[in-house]
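> Mind having a look at this structure? Questions to follow.
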Amino acid sequence: MSSNSLEIVGAPGLKRRAKILVAKIGLDGHDRGAKVIARALKEYGFEVVYIGIRQTPEMIAKAAVQEDVDIIGISIHSGAHMVLIPELIEHLKRLNAEDIKVIVGGIIPWEDAQRLKSMGVSEVFTPDTPIEVIVEKINKLLAGKNVEQK
Amino acid sequence: MTFNKEFIEKLKSLIDQWERDKIELGYRDRLDRFTTDSGIKVKTVYTPLDIADSDYFEKIGLPGVYPFTRGIHYNMYRGKIWTMREFSGFGSPEDTNKRLKYLVEHGETGLSIAFDHPTLIGLDPDNPLAAGEVGVTGVSVATIEDMDLLFKDIDMGKITTNMTINPPAPVMLSFYVAVARSRGVSDDRIGGTVQNDQLKEFIAQKTWVFPPRSALKIGIDVIEWSVKNLPKWNPISISGYHIYEAGATAVQELAFTLADGIEYVRAMINRGYSVDDFAPRLSFFFVSGINVFEHIAKFRAARRMWAKIMKEWFGARKKRSMWLRFHTQTSGVELRAIEPYNNIIRITLQAIAAVLGGTQSLHTNAFDEALALPTEFSAKLALRTQQIIAYESGLADTVDPLGGSYYIEWLTDKIEEEAWKIIDRVESMGGMLNAIENGYPQREITESAYKKQKEIEEMKKIVVGVNAFKGELLEEEVKIPLFEVNEEQIRKHQIDKLKRFKSSRDGIKVKRVLAELERAAMRGENIMPYVYNAAVSKATLEEIMNSLKSVYGEWSEPILY
Amino acid sequence: MSKNNIDTLLYRALNGDIRAISKLLTIIEFPADHDIETISSIMRNLMNRGGKAHIIGVTGSPGVGKSTLISKLISLFRDRNERVAVLSIDPSSPFTLGSFMGNRIRMQSHSLDPNVFIRSTATRGVTGGLSPSSVLLIEAFDGLGFDKIIIESVGVGQTDVDIINVSHTVINVLMPGAGDEIQAMKAGIMEIGDIYVVNKSDKPEADLVYRQLTEIIRSSKYKSKYGWVPKVVKVSSIMGHGISELGDIIDEHRKFLIDRGSFSDIIIHRRVYSVELILKYIIEEKIRKDLKKDGSDILDKVVSGNIDPYTASLTIYNKLAKTC
């Protein structure tokens, strides 16, 4: 990097931090897990965009692109994951944003989790997953990206 | 309790000696601190000293007598076992109808309907937002015809039905009453409950549609209409369950629920009713958690507090107005996806707390609910859990068997004291509606949820198989047979039926009754007669809800950080 | 980044591709990740195109309903077929530098509209105010051809002051029961806005706040920038009441600025201010770093009372000036 680069200032505010979008897809209102995760991620030093409940796949994909996030974290308890998550992935493709990683948490049976992963979901977390493990997996997904990890 | 001086002195010196001996003999606690799940510090042992200030007659007394700490009835389960009411619903009304009949065949004594998410927020199955969700976590009901199918061959004049529905409560109640009436059931035989707890939607369950003030108005319309027309109907179930499930402690659950109740009572009084006109029809709904004693004490404190609120704050004179009648559901968030069969034991403990706490009706979860909807097998097992407690354990043979336990009485007092503090705080904000608009309960609950998660992660709270005693999982623990619904097929079925329904009706009439509803809502009238009229004129759930939205507006989530 | 790549990105962004707009914004937002030539060529291109957008800053304490109001304003501007960008600013945690950005929730209904672009950003540990890159994001939105750029502030302190410095029109949102704000205004210690919105007008106490505000503005010499007399409007964001009236006042203010030639003055001011902000930021960073590195012996002497803070500061300044 050249000597007139702004990096020389070492300015923390001008250096990219990992940004994560947390959303609840579908119609269920159980946002406890999503909120706990969003808050924990903030405390780990991530920048978290929280868009709350009743989000459609398209709304989430567009928000993620506008925010230029690294990761989308989806929480779902309604059982509609096999319909809604593939739709989300499809929308990301259409927006030329397949590089945004998708992780999913919620009530998701084991077989469904395997199918979701084969469709391009990076990680599926059950409700009992410790936050530490989630952060560890997120950091793995961020490896190679030019962002500060936690 | 009053003890004479000599007794207290003697006991004090005994305890002093015992404390010294304990240390001398080297007894050490395995934890620095023992607390209930709400964080109330628990001592090694409790004695009469701990309840010496508590007046027996004022605080404990006898069942069926004010302040009803020990139960609202004189003989409780010796007279009648609690109602076994399993929350169920999935797929089309036809599918759920089969499940309901199956449960009744196996000894269920009341019905409880779970609606799917589109229904819960007032969408018809053909709404694009409903895709993927029709009939998945509950039954899809969009028309009066669906309601009729749901209760096919079920005697609506005999069995009572709970409907867990909130913003669309006016619509669903209209469907239900209309179907019952069409079968010749007279209004005084229509029994059951519609949840209709609009305020807690903003605190916890989050199936809101209308903004808080309008939602409260609609909820009160339902209460007013029911009190006038349906003498046996509970037009509201003031619910703590979802508040707890959203992360609140048992103390917060209790306090916020009663604070909601206070707001409803005030709203009815503001409409010109005297408290004894409607209070006997108010019912409650609490969670029963794994922290057994805390929940027992919570139920006892709840009864005592509500009786006091009704009598002393609102001047109720009828005993029934002072009764806190409640349904209980065992906690779902305390169930685990890992080693799911362990949940059977958790549910049993939770159910024991509910029974020892004196519940009027009980839903026991199925052990596989952390993974999916219950199968026929797991639903039956849940019901059997209740039956074993009721008929084999002897827990139901005497009233409030833990009453008088030094610990339970102390804990009941303590929980009451803590809950009053929160209620006072809400009162100082001008009541629950204001508190909700300020985000107070929402923030407190989010905070508690975060704390609970941290306690588990930091091993301050042990969850077997989750953060402790973890081992290799057996194949039969991982691949358990789960209940599956074919959503696409159900959605298609429901949409086809809806199309036929719409083409068979008088469209002009539907438009007219909806316009009448909107005008009535604009004038600020009670909307129920108009909603009922729209329901019997074959307007659909979503059509009626859209009319209401056009007048009352829609709510979106506030940011509470 | 190669010139070709930059040109392609710019081309796509200028044609409304949201992925490209977003990537462009990220480059501007985090200049430390790129060489200065890349940043420079992008910024120059956009700044040459800019200068047309109407920048609206929305301030007010947390919880007054800024996001809901903005959502309604978006609808209003969209009805007139204007392109709208929103920059929503949230505080960063001073400890972890993490941030919880939740304002978007209330604007999500616009996320499917290709002519609305919403971006959340954080203050990122900058001493109290707006991160310098936020100002450049506004510049970028302007260059990308958005007609209205709405900035949602954190609602406290220096950030609000910074927002006033870069906006054409400042909307200050209050709600019933805003006693503290009214007192602060009376005492003249609150920054003046161009438009005061009393939100939640369905509440009975709204009238009182409205009357108090109107009275303060009438009875005092309060004029906001360029001699504009602030306007007060009652709004219920949830019900949508008062929004079109607010829209009219926003237009009136814009016309007022254009008629006096002040509209472009504000753009000049903004650009100068952005340099000030960045410089201040660089110098503060330098002080913070160099103090740790080179200044510790001087600081020790200040601590022990052997050097006074004036002399110490001058000594350090002279040292810094040489290395700059």
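> With a ≥ b ≥ c taken as the square roots of the eigenvalues of the C-alpha gyration tensor of region B:111-236, please select rounded if a/c is under 1.5 and otherwise prolate if a/b is larger than b/c or oblate if it is not?
oblate
> Testing the spin-label approximation: label points 7 Å from Cα along Cα→Cβ at B:Glu472 and C:Val229. State their distance in nm.
Going by the 7 Å Cα→Cβ label model, 8.5 nm.
> Within the accessible area of chain B, what % is carbon and sulfur when the probe is 1.4 Å and the other protein chains stay in place?
Within chain B, the accessible surface is 52 percent carbon and sulfur.
> Same structure, new question: Can you give the FRET efficiency for B:Arg317 and C:Asp113, using 1/(1 + (r/R0)^6), R0 = 60 Å, r = Cβ-Cβ distance, to the nearest 0.05?
Step by step, r from the Cβ atoms, then E = 0.55.
> Further question: Before I look further, what does region B:57-457 give for accessible area per residue, probe 1.4 Å, in whole square angstrom?
Value returned for region B:57-457: 30 Å² of accessible area per residue.
> Considering only C:Leu174, C:Ile195, C:Asn115, whose Cα is most displaced toward the positive end of the charge dipole of chain C, charges sitting on Cβ of Lys, Arg (+1) and Asp, Glu (-1)?
Toward the positive end, the furthest listed residue is C:Asn115.
> Which of the aspartates and glutamates could be linked to B:Lys460 by a straight reach, that is with a Cα gap under 14 Å, when you skip same-chain ones fewer than 8 residues away?
B:Asp32, B:Asp37
> From largest accessible area down, sort B:Thr69, B:Thr249; use a 1.4 Å probe on the protein chains.
Putting B:Thr69, B:Thr249 in descending order of accessible area: B:Thr249, B:Thr69.
> Please state the equivalent ellipsoid semi-axes for the protein assembly as shown: what are the square roots of 5 times the Cα gyration tensor eigenvalues, largest first, in whole Å?
Whole-Å semi-axes of the equivalent ellipsoid: 51, 36, 30.
> Also, quick follow-up: Kirkwood-based Rg over Rh for region B:348-401 (C-alpha set), two decimals?
So for region B:348-401, dividing Rg by the Kirkwood Rh gives 1.02.
> Moving on. Just give the residues from region B:418-462 buried by at least 50 square angstrom of accessible area in the all-chains context relative to the isolated chain, probe 1.4 Å, and say none if nothing qualifies.
B:Tyr450, B:Glu457
> Among the listed pairs A:Lys15/C:Lys148; B:Lys451/C:Lys203; C:Lys52/C:Lys255; B:Lys41/B:Lys319; B:Lys228/B:Lys318; A:Lys140/B:Lys206, which have their C-alpha atoms separated by more than 23 angstrom in this model?
The answer is A:Lys15/C:Lys148; B:Lys451/C:Lys203; B:Lys41/B:Lys319; A:Lys140/B:Lys206.
> Excluding ligands, DNA and RNA, what is the solvent-accessible area per residue of chain C at a probe of 1.4 Å, expressed in Å²?
43 Å²
> So if we plug the beta-carbon distance of B:Thr348 and B:Asp506 into 1/(1 + (r/R0)^6) with R0 = 56 Å, what FRET efficiency do we get, rounded to 0.05?
Rounded to the nearest 0.05, the efficiency is 0.55.
> Rounded to the nearest 100 Å², what is the sum over both chains of accessible area buried where B meets A, with a probe of 1.4 Å?
2900 Å²
> How much accessible area per residue does chain A have, counting only protein heavy atoms and a probe of 1.4 Å, in square angstrom?
34 Å²
> In nm, give the distance between the simple-model label positions of C:Arg49 and C:Lys292, each being 7 Å from the Cα along the Cα-to-Cβ direction.
3.9 nm
> Where the accessible area of chain A is counted over protein heavy atoms with a 1.4 Å probe, how much of it, in %, is carbon and sulfur?
With neighbouring chains kept in place, the figure for chain A is 51 percent.
> Now a separate question. With the crude spin-label approximation of a point 7 Å out along Cα→Cβ, what separation in nm comes out for C:Arg260 versus B:Ile462?
Placing both labels 7 Å along Cα→Cβ, they lie 7.3 nm apart.
> Sticking with this one: What FRET efficiency do you get for B:Arg28 and C:Phe95 if R0 is 35 Å and r is their Cβ-Cβ distance, rounded to the nearest 0.05?
0.40
> Another question about this same structure. Report the accessible surface area buried between chains C and A, summing both sides, using a 1.4 Å probe on protein heavy atoms only, in Å² rounded to the nearest 100.
3900 Å²
> Is region B:409-523 rounded, prolate or oblate when judged by the Cα gyration tensor, a ≥ b ≥ c being the square roots of its eigenvalues, rounded requiring a/c under 1.5 and prolate requiring a/b larger than b/c?
It is oblate, given that a/c is not under 1.5 and a/b is not larger than b/c.
> So how far, in whole Å, is the C-alpha centre of region C:199-271 from the one of region B:83-119?
Each part's Cα centre sits 56 Å from the other's.
> Mind listing, in residue-number order, the residues in region C:230-248 that have at least 40 Å² less accessible area with every protein chain present than in their own chain alone (1.4 Å probe)?
Listed in order, they are C:Ile238, C:Met239.
> Rounded to the nearest whole Å³, what is the per residue volume of the convex hull around the Cα atoms of region C:1-48?
Roughly 65 Å³ of hull volume per residue.
> For B:Lys152, give me every one of the lysines with a C-alpha distance below 20 angstrom, ignoring sequence neighbours fewer than eight places off in its own chain.
B:Lys98, B:Lys101, B:Lys497, B:Lys538
> Could you tell me whether chain B comes out rounded, prolate or oblate from its Cα gyration tensor? Rule is a ≥ b ≥ c as square roots of the eigenvalues, rounded for a/c under 1.5, then prolate if a/b exceeds b/c, otherwise oblate.
Prolate is the answer for chain B, as a/c is 1.5 or above and a/b outweighs b/c.
> Going through the DSSP H helices of chain B, which span 20 Å or more along their own axis at the Cα atoms while scoring at least 0.5 as a mean Kyte-Doolittle hydropathy?
Going by DSSP H runs, the hits are B:250-270, B:342-356.
> Right, next: Determine the gain in length on full extension of the stretch C:Val275-C:Ser40; use 0.36 nm per residue of separation and subtract their C-alpha separation, reporting nm with one decimal.
Contour length minus Cα-Cα distance gives 83.3 nm.
> For C:Lys3, list the lysines whose Cα falls under 19 Å from its own Cα; do not include residues on the same chain fewer than 8 positions away.
The qualifying lysines are C:Lys23.
> Where does the Debye-calculated log10 I(q)/I(0) of region C:50-260 sit at q = 0.15 Å⁻¹, using only Cα point scatterers of equal weight, no solvent?
The calculated log intensity ratios at q = 0.15 Å⁻¹ are -0.95.
> Extension gain B:His106-B:Arg189, at 0.36 nm per residue separation less the Cα-Cα distance, in nm?
Stretched fully, the B:His106-B:Arg189 segment lengthens by 27.5 nm.
> From the helices alone, meaning DSSP H stretches of at least four residues, give me the mean residue ellipticity at 222 nm for chain C, per-run term -39500 (n - 2.57), in deg cm²/dmol to the nearest 500.
Value at 222 nm, helices only: -17000 deg cm²/dmol.
> Another question about this same structure. In whole percent, and with a 1.4 Å probe on the protein chains, what portion of the accessible area of region C:50-260 is carbon and sulfur?
Its accessible area is 53 percent carbon and sulfur atoms.
> Can you give the helix-only mean residue ellipticity at 222 nm for chain A, where every DSSP H stretch with n ≥ 4 adds -39500 (n - 2.57) and the sum goes over all residues, rounded to the nearest 500 deg cm²/dmol?
-12000 deg cm²/dmol
The values are calculated or read from the model by the stated rules, or taken from the named source; none is laboratory data. In this text, all values refer to a predicted model and were calculated from it rather than measured experimentally. Cβ sites come from the backbone with ideal geometry, for glycine too, and all protein chains shown count toward neighbours. Just so you know, the surface numbers come from the protein's heavy atoms only, side chains and all, with ligands and any DNA or RNA stripped out. Shrake-Rupley method; radii C 1.70, N 1.55, O 1.52, S 1.80 Å.
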